[in-house]
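Below is one structure; the comments refer to it alone.
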Amino acid sequence: MIDYHIHSNFSPDSNSSVEDIVKYAREKNLKIIITDHYEAVEKDHNFKFDVKSYKEAMKKYGLLVGVEFGWDGKSKIDIDLKEFDFVILSYHAYKEYDDIQKMYENYLKDLYNIIEVVNDFHVLGHLDFPRRFVKNNEPFSKKLYPLISEIFKKIIKEGKILEVNTSAIYRYGEPNPSYDILKLYRDLGGKYVTIGSDAHRLEDVGRGIYDTLGNLKDLGFEYIMVLNDGKWDMEKIV
Ligand SMILES: [Zn+2]
Ligand SMILES: [Zn+2]
């Protein structure tokens, strides 16, 4: 099994050392990529790590160099994403709202604009992310599916991969994006997915992956995308 979304203490919101993560993953027989936050955003979550020492740490443990790159669509991008073996593109906007669905709609429109500008990424991270924070974790309305479809059509055309992020399962029982949205992706011809726990604590590494893979199979996904020696492969979900 794999876990392609993990935060170490190179991210300010995690305390796990790279060494501990590697050890834990080995015990659990997980192939991992650590993907710390590098945010090009205004205001509060301006997380950045020193790329050189980050790369050295990954090299020391024989890991590919991953990053979760967050962008707000307007700040200056001060990093070359080609420096990384594995790039998750994420939009970490969560805005105050009167109307939840309107906030979701704006999120999706922004996200579309972001993927129009940023090309150097492999995986689109946790698509319905703001659902994690709203009252009762209200799902994205079906009325927003045409907007989501536009995003999916674009990433499918460009050969990008959709992330299935398992961390929300322990908040409200579904991954990001939700199973309905994953079904939409599948119906549009989307085949490529990766999976990650988004662990910010050691004990969350690999959490939810096994069960979610079973559910993906039920939705008609046959493969999970994996990086072998720096090359993308399709690994059958068994
Ligand atoms: Zn994220
Ligand atoms: Zn993350």
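So the values come out like this:
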{"quantity": "Residue that is nearest to Thr194 (Cα to Cα) [pool: residues in the range 92-105 that are away from ligand 1 (no atom under 15 Å from the Cβ) and not in a helix (DSSP H, G or I)]", "calculated": "Lys95"}
{"quantity": "Meets criteria (at negative phi, away from ligand 1 (no atom under 14 Å from the Cβ) and among the polar types (S, T, N, Q)) for Asn29", "calculated": "no"}
{"quantity": "Residue satisfying all of: in the range 145-173; of a type in the set (Lys, Arg) and within 14 Å of Leu124 (Cβ to Cβ); nearest to ligand 2 (Cβ to nearest atom) among these", "calculated": "Lys160"}
{"quantity": "Matching residues in the range 193-207 - criterion: being within 15 Å of ligand 1 (Cβ to nearest atom) and either closer than 22 Å to His122 by Cβ or among the aliphatic types (A, V, I, L, M) (or both)", "calculated": "Thr194, Ile195, Gly196, Ser197, Asp198, Ala199, His200"}
{"quantity": "Qualifying residue in the range 71-84 (condition: away from ligand 1 (no atom under 16 Å from the Cβ), within 17 Å of the chain's Cα centre (by Cα) and not small (Gly, Ala, Ser))", "calculated": "no"}
{"quantity": "Cβ-Cβ under 9 Å pairs, at least 6 apart or on other chains, the range 126-146 side under 14 Å from Ser90 (Cβ atoms), far side among the basic types (Lys, Arg) and at pLDDT 95 or above", "calculated": "His126/Arg132"}
{"quantity": "Which listed residue, of Leu108, Leu127, Leu89, is part of a loop (DSSP other than H, G, I, E, B) and either modelled with pLDDT of 95 or more or more than 16 Å from ligand 1 (Cβ to nearest atom) (or both)", "calculated": "Leu127"}
{"quantity": "Some residue of the range 170-188 being within 23 Å of Ser8 (Cα to Cα), surrounded by fewer than 21 Cβ atoms within 10 Å (Cβ to Cβ) and either in contact with a strand residue (DSSP E or B) (Cβ under 8 Å, 6 or more places away or on another chain) or touching a residue at least 24 places away in the same chain (Cβ under 8 Å) (or both)", "calculated": "yes"}
{"quantity": "Selection count where residues are out of contact with any helix residue (DSSP H, G or I) (no Cβ under 7 Å at 6 or more places or on another chain) and farther than 16 Å from Ile161 by Cα, scope the range 179-203", "calculated": "5"}
{"quantity": "Single unsatisfied condition, Lys142 versus (1) away from ligand 2 (no atom under 16 Å from the Cβ); (2) within 24 Å of Tyr192 (Cβ to Cβ); (3) basic (Lys, Arg); (4) surrounded by 13 or more Cβ atoms within 10 Å (Cβ to Cβ)", "calculated": "(4)"}
{"quantity": "Near pairs, Cβ below 6 angstrom, 6+ apart or cross-chain, from the range 70-91 (on the phi > 0 side of the Ramachandran plot) to any residue that is among the acidic types (Asp, Glu)", "calculated": "Gly73/Asp110"}
{"quantity": "Unique match (being within 12 Å of ligand 2 (Cβ to nearest atom) and touching a Phe, Trp or Tyr at 6+ places or on another chain (Cβ under 6 Å)) among Asp3, Asp36", "calculated": "Asp36"}
{"quantity": "Residue satisfying all of: in the range 185-219; within 18 Å of the chain's Cα centre (by Cα) and of a type in the set (A, V, I, L, M, F, W, C); nearest to Val238 (Cα to Cα) among these", "calculated": "Leu213"}
{"quantity": "The listed residue being at pLDDT 95 or above, assigned to a helix (DSSP H, G or I) and touching a Lys or Arg at 6+ places or on another chain (Cβ under 8 Å), out of Ala25, Ala57", "calculated": "Ala25"}
{"quantity": "Output for the range 33-62, where each listed residue is closer than 17 Å to Asp198 by Cα and crowded, with 19+ Cβ neighbours inside 10 Å", "calculated": "Ile33, Ile34, Thr35, Asp36, His37, Tyr38, Glu39, Phe47"}
{"quantity": "Flag if Asp78 is within 23 Å of Tyr192 (Cα to Cα), more than 16 Å from ligand 2 (Cβ to nearest atom) and part of a loop (DSSP other than H, G, I, E, B)", "calculated": "no"}
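The values are calculated or read from the model by the stated rules, or taken from the named source; none is laboratory data. Small disclaimer: the values here were computed from a predicted structure and weren't measured. With ideal geometry, Cβ positions are generated from the backbone for all residues, glycine too; neighbour counts draw on all protein chains shown.
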